[in-house]
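Colleague: My structure is below; once you've seen it, I'll send some questions.
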Amino acid sequence: MAQEQEIQQTEKKKPNRVIPIILGVLLIGGAIFGIKEYIYSSKHEDTDDAQIDADISPVVSRVGGYVDSIFFEDNQHVNKGQVLVKIDDRDYRVKVEQAQAAQQGAGASVGVGETQIYSTAANAASARAQVTATQARLEKTRNDYNRYANLVKDGSITQQQFDQAKSDLAVAEANYRAAQDQYKAAQQQVGTTRNQLKVTNTGVNQRQADVDYAKLQLSYTTITAPASGTTSKKSVQLGQLVQAGQTLFSIVNDNSLYVTANFKETQLEHIRNGQKVNIEVDAYPDMELQGTVYNFSPATGAKFSLLPPDNATGNFVKVVQRVPVKIKINASKEVIEKLRAGMSVNVSVTTKE
């Protein structure tokens, strides 16, 4: 019995080395993990506040009318310039015809104005000839009067003949002045007619502008794809009355996907354009994506909110702001086709090689 008790006491005195070994392994593992995290964080900036974005083109009707035809379905790929919707264009065709008729009428007015110019110019030439003729008669009458004035002094002619010569001179002078006035009036009429023709030409230009505008409005009844991409949010049906400015659907442009990462303002110190980025997509955890820092937003996200914060009023509480950073995705077309705008991603920017 004494020997067994000695053996038990000896066993109790042996130290338990398992716990120190476990603690040592944990400490070493924690140190290694901490060192690795420190080295990683000194060369990278990470955020999970990021998502995939894309250029989305809303297609808006520029004229009102009833939808006549629809040539696409929701989530269908379309090419730039492809006809997607047609609006009933009968009203707009009538407006084009009305504008063209008004233009033709204005063109006819130009022809009438040109004819009037020729007519008034001919009248002015005739009035000028009349001035020349009356001037010649005036010269002859004045010479006769001067001769009669000398003859009446020596009694070679009667006083009645002299009075007749004097009367003829007064009539010739009056006719000459009248001819001059008629010539001036004819010249003014030519100028007036030319000014009227200019006004008519302006009217023709206005009618041409009306025709161009009517044709432009007619062209808006055919709605085409503004860019190549996939249609989405279709909100138009056959026979629907649409108004000018109404959004009919949207197109997510091809090859326009990028990542918007909202980094804390305290993380931006070492982030620069052109730095490499590792991208992890939540929807595809096994997908490895690479990207490049492209540019930075000129303001924090809070400044673009509906009610931006104003630290000058109320109680001030300092909150770390986030700045959107645009990241280009460097991937093949097959990989890009799997991504969708709005997907959540994690990004890691390599700030030091």
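The values are calculated or read from the model by the stated rules, or taken from the named source; none is laboratory data. Just so we're clear, the structure is a prediction, and the values are computed from it rather than from any experiment. Here the Cβ positions follow ideal geometry from the backbone for every residue, glycine too, while neighbour counts run over all protein chains shown.
Colleague: Which numbered condition trips up Asn295, out of (1) within 21 Å of Ser344 (Cα to Cα); (2) surrounded by 12 or more Cβ atoms within 10 Å (Cβ to Cβ)?
Modeller: Failing condition for Asn295: (2).
Colleague: Having 1 or more residues that are farther than 24 Å from Ala341 by Cβ and not acidic (Asp, Glu) is the bar; report the strands (runs of 3 or more DSSP E) wholly within segment 198-280 that clear it.
Modeller: In segment 198-280, 222-224 are the strands (runs of 3 or more DSSP E) which contain 1 or more residues that are farther than 24 Å from Ala341 by Cβ and not acidic (Asp, Glu).
Colleague: Right, here's the next one. Among the numbered conditions (1) surrounded by 12 or more Cβ atoms within 10 Å (Cβ to Cβ); (2) among the small types (Gly, Ala, Ser); (3) modelled with pLDDT of 90 or more, tell me where Gly342 comes up short.
Modeller: (1)
Colleague: Related question: Kindly indicate the residue of segment 314-335 that is among the hydrophobic types (A, V, I, L, M, F, W, C) and assigned to a loop (DSSP other than H, G, I, E, B) and also surrounded by the fewest Cβ atoms within 10 Å (Cβ to Cβ) among those meeting that condition.
Modeller: Per the stated criteria, the residue is Val317.
Colleague: Give just the number: which of (1) exposed (fewer than 14 other Cβ atoms within 10 Å of the Cβ); (2) modelled with pLDDT under 90; (3) within 30 Å of Gln246 (Cα to Cα) does Ala133 not satisfy?
Modeller: (3)
Residues checked against (1) surrounded by 13 or more Cβ atoms within 10 Å (Cβ to Cβ); (2) over 34 Å from the mean Cα position of the chain (by Cα); (3) under 26 Å from His77 (Cβ atoms):
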position: Ser232; (1), (2), (3): yes, no, yes
position: Leu241; (1), (2), (3): no, no, no
position: Thr247; (1), (2), (3): yes, no, yes
position: Val252; (1), (2), (3): yes, no, yes
position: Val259; (1), (2), (3): yes, no, yes
position: Asn262; (1), (2), (3): yes, no, no
position: Ile279; (1), (2), (3): yes, yes, yes
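Colleague: Something else: For segment 61-84, what are the residues that are farther than 15 Å from Thr230 by Cα and assigned to a strand (DSSP E or B)?
Modeller: Answer for segment 61-84, where residues must be farther than 15 Å from Thr230 by Cα and assigned to a strand (DSSP E or B): Gly65, Tyr66, Val67, Asp68, Ser69, Ile70.
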